[in-house]
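None of the figures in this text is laboratory data; all of them are computed from the coordinates on show. What you see is a predicted model; the values in this text were computed from it and never measured. Cβ placement follows ideal geometry from the backbone for every residue including glycine, while neighbour counts extend to all protein chains displayed.
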Amino acid sequence: MVRKKRTGPGSPGESSGEASGASGQGSSQRAERAPQQHGGGRGLAPQQHGRGGGQHQGRGGHYQGHGSASHYPGSGPPEYQQRDYQGRGHPGGGPPEYQHRDYQGRGHPGGGPPEYQPRDYQGRGGPRPRGGGVPQPYYGGHRGGSAGRNVPPGPSRTVPELHQAPYVQYQAPVVSPSASGAGSSSQPVSEVSSGQVQQQFQKLAIVDQSSTSQSSQLAPASSKSVRFPLRPGKGTHGDRCVVKANHFFAELPDKDLHQYDVSITPEITSRGVNRAVMAELVRLYRHSQLDGRLPAYDGRKSLYTAGPLPFPSKTFEITLHDEEESLVGGQVAPRRERQFRVVIKFAARADLHHLAMFLAGRQPDAPQEALQVLDIVLRELPTARYSPVGRSFYSPNLGRRQKLGDGLESWRGFYQSIRPTQMGLSLNIDMSSTAFIEPLPVIDFVAQLLSRDISVRPLSDSDRVKIKKALRGVKVEVTHRGNMRRKYRISGLTSQATRELSFPVDDRGTVKTVVQYFLETYGFNIQHTTLPCLQVGNQQRPNYLPMEVCKIVEGQRYSKRLNEKQITALLKVTCQRPQEREKDILQTVHHNAYYEDPYAQEFGIKIDERLASVEARVLPPPRLKYHDSGREKDVLPRIGQWNMMNKKMVNGGRVSHWACINFSRNVQDSAARGFCHELAIMCQISGMDFAPEPVLPPLTARPEHVERALKARYQDAMNIIRPQGRELDLLIVILPDNNGSLYGDLKRICETDLGLVSQCCLTKHVFKMSKQYLANVALKINVKVGGRNTVLVDALTRRIPLVSDRPTIIFGADVTHPHPGEDSSPSIAAVVASQDWPEVTKYAGLVSAQAHRQELIQDLFKVWQDPQRGTVTGGMIKELLISFKRATGQKPQRIIFYRDGVSEGQFYQVLLYELDAIRKACASLEPNYQPPVTFVVVQKRHHTRLFANNHNDQRTVDRSGNILPGTVVDSKICHPTEFDFYLCSHAGIQGN
């Protein structure tokens, strides 16, 4: 996978980045599976590798600030929970409600950190007092090695002693590129109007404000008030090479494009029905009324033609026949006909001249209307052939139809999108797979869903809930009426069994049971009378259909959340070697035969069937620093890989007291003890100060008693070590391989209730107990308890561009949204920020719940009224800036903000809102404090795939056949004018 970045001049985004993921300092999401590591290690030495490595794209901008500040105490709103991956607390600068946590589990100093030795990597982590109050912080190594325990913690101040800069209204500064990016450009997004921007972003001003700190707030004229920086030039660093991309050159047509508004009465919400109406209209009137034109239709309100229609406005009467009516008993059944009135009215012309100017770099604004027309034209034929899902198309005939379990199967398909690039118009084609509901009889689907024979015993309440959740909204067809397969959409299940259901059959009040009605009317004897019926009507007029007379209609995508087993099966289907994916993409393009596409021919669009050849560069890897006591004090990764042989962690953490709980029934007590012993030894070998024995022997507990077991074991351990003034440093947890919600429940309890660092291990790894796995887990534990695995040599020697020259804080931000169907769940925003400089290896994090599926991070900056303090400012940015100052003793003089999860349609919204929040947070700390900001949007789901030009050349591919880590592309397939690039930051383990 390639990650794409949009960034501004002077951004540090262009680096190979092998070290960050490979150093083992990340945290896993499920059962803390240690990353697979590749290389030439042996014995006890694990091989390190950046997990999930991929190619990414980024875009954004560099925005200059002004002013400075000597210090900035402050506080924040009480609803924040500042946390780390490990769940340790530390004193924040704000009110006592804050739980300020960092990724390493160490507390940040409350005041200045005189004891912090940022360049001393010989020591161990220090103690963390806890219990009853805010823990005293400890932040650095000690020259005496493990004697670091005796170093006193840094000073702290009580909350009343903290003060805050007076809040003043902040006027947003000019958002402009730095000097190296002369000029500006913008790419307006059709979904965002100027009125929406004014309403959403509190009428923010975007005016020149180089020195003033107090001003009134004005509204921007439109989203174009924010201009993305122009590309300052192409990079030159690294070894040049050529790669192939799944972009296919599209020749720009020279025909006039006309847009017509379409009104269909009665109004239909289904795009499928709308398309059927328009298809019938074109079939009947193409040559007589449409002047032979073959229009492209978006399924809603717009129709496009390659040239004008012979009328400005015209009304058509269309008759549509229902698809499910056919033969019954050898005779034609009465066909239900629906009448529609269609009005086609001229709306506008899409000028392709402006698009050509934009592609040539002579016009800053992309004509979105013209691009949209071309995209709709190329989607017309696939929409008719396949099942469209978003920008992708799926079909069981495209191969790789695989069962996923529980009544689901995967369909193969392809993603398609027309894009403006430096080489002109480009058609991006990528392979895709998604889950569909198997076209099974409903009885069989339910049996698979419940994994049992449903005729053996009645359904339980939980079974009913599961069935209802899976089938709600699913379309079925009846099978008891011969060839007449009428279709219905399921709305629910009956609360009664089929044998207990009855309904009136006439106006005289005659009542029949469902069983009796089906036998007398259709001669169908219902067998599964104990099962509920499907409800296909509304509550006022319900219709009952026995499960055994219904079959699921083919081609329905499953949009709900997949379970772990289904996800694993889907990943096996989608994971492909680069050569296989490249071959499938080329076959898809050939199969689609764009040169024969009647719509492409009508509009004059020609698609090249060859992959684009693109110039690229491979950036050099960074050298990594390890502890001086190891035989190897530093290492230069090769092809994104290295191992821990003869190396020790640069800062080994301390784990003096730990415990273990086993939730796997397959792991005996002796096996759990043996695993913990081997893990402790590996932690010691790797450079940690790790106690060889736990406080208590491993405890075996049942998963359903997770909360009781965790809290009881924690209290038992604390009863032993609390009299000594000690705390429990680590909890090792053994989980079943398929643990469902157990992992999430465990982390929630440890993080929010106990404030306890935990490390989870799966049962399969306990039995294998490989040295490589143990070493990887040791790396994760070390980071969690406050250690450092490695640092960049260039960071120590202050040679990282745009980071090492002055104190720089690096932010990372993302929003996680609920799965489809979870309509009441909030979205979760997370922001992390570096807490050391120049090393940039420790991070603190904040999380905040916000409105459902809200992409803008709402709590970056907040203002609220406090009864005692009056107007108070806070928010995630401010808290992390304060934390950085306390940890390093310096205020950031530069901000680098990496933002994930933003689609192109949200660029302007996110940049305008969140950049302003960053500015306000800085100004709230001290009026003239405005450091320059580099805002980088990182995209992973952009569907661009890069392939080696020669898969057999071992010098240009890694062991999986992917392009080399550090490969960067900033030409040809990138934006015509704006600053973006593609970067492969890690070596690929699987897939492409």
Rounded, prolate or oblate, given the Cα gyration tensor of the range 749-894, with a/c below 1.5 counting as rounded? oblate
How many angstrom separate the Cα center of the range 466-524 from the Cα center of the range 938-963? 54 Å
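Using the scaling law 2.2 N^0.38 Å as the reference, what is the normalised Cα Rg of the range 257-437?
Dividing the Cα radius of gyration by 2.2 N^0.38 Å gives 1.24.
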Exposure proxy check: VAL243, VAL766 ranked by fewest other beta carbons within 10 Å? VAL766, VAL243
Under the Karplus relation 6.51 cos²θ - 1.76 cosθ + 1.60, θ = phi - 60°, what is the ordered set of whole-Hz ³J(HN,Hα) values for the range 730-736, x standing for Gly and Pro? 7, 10, 8, 10, 9, 10, x
Which pairs break 19 Å Cα to Cα here: LYS625/LYS648; LYS244/LYS583; LYS862/LYS891; LYS784/LYS842; LYS878/LYS920? LYS862/LYS891
Of LYS403/LYS475; LYS747/LYS940; LYS475/LYS551; LYS572/LYS747; LYS4/LYS560; LYS711/LYS747, which pairs sit farther than 18 Å apart, going by alpha carbon to alpha carbon? LYS403/LYS475; LYS747/LYS940; LYS572/LYS747; LYS4/LYS560
Segments 959-971, 767-779 sorted - mean Cβ within 10 Å per residue, highest first: 959-971, 767-779
Whether the range 557-690 is rounded, prolate or oblate, judged on the alpha carbon gyration tensor where a/c under 1.5 counts as rounded: oblate
Near the amide H of THR421, under 5 Å away, which other amide H atoms are found, from residues 5 or more places off or on another chain, if H is placed in the peptide plane? SER426
Positive end of the dipole of the range 257-437, charges at C-beta (+1 Lys, Arg; -1 Asp, Glu), about the Cα centre: which of GLY399, GLN372, GLY299 has its Cα farthest in that direction? GLY399
So how much slack lies between GLU678 and ASN646, counting 0.36 nm per residue of separation and subtracting their Cα-Cα distance, in nm? 9.7 nm
In whole angstrom, note down how far apart the Cα centers of the range 526-600 and the range 669-728 are. 46 Å
Among all the aspartates and glutamates, which ones have a C-alpha under 12 Å from LYS647's C-alpha, if same-chain residues fewer than 8 places away are not counted? ASP628, GLU632, ASP634
With the convex hull built on the alpha-carbon atoms of the range 442-552, volume per residue in Å³ sits at 104 Å³
Tell me, what ³J(HN,Hα) does each residue in the range 355-366 have, in order and in whole Hz, if you take phi through Karplus 6.51 cos²θ - 1.76 cosθ + 1.60 with θ = phi - 60° and put x for Gly and Pro? 5, 4, 5, 5, 5, 7, x, 9, 9, x, 9, 6
Suppose we keep just the alpha-carbon trace of the range 726-766; what are its Rg and Dmax in angstrom? 10.9, 35
If each residue's Cβ is checked for other Cβ atoms within 10 Å, how do MET431, MET484 rank with the fewest at the top? MET484, MET431
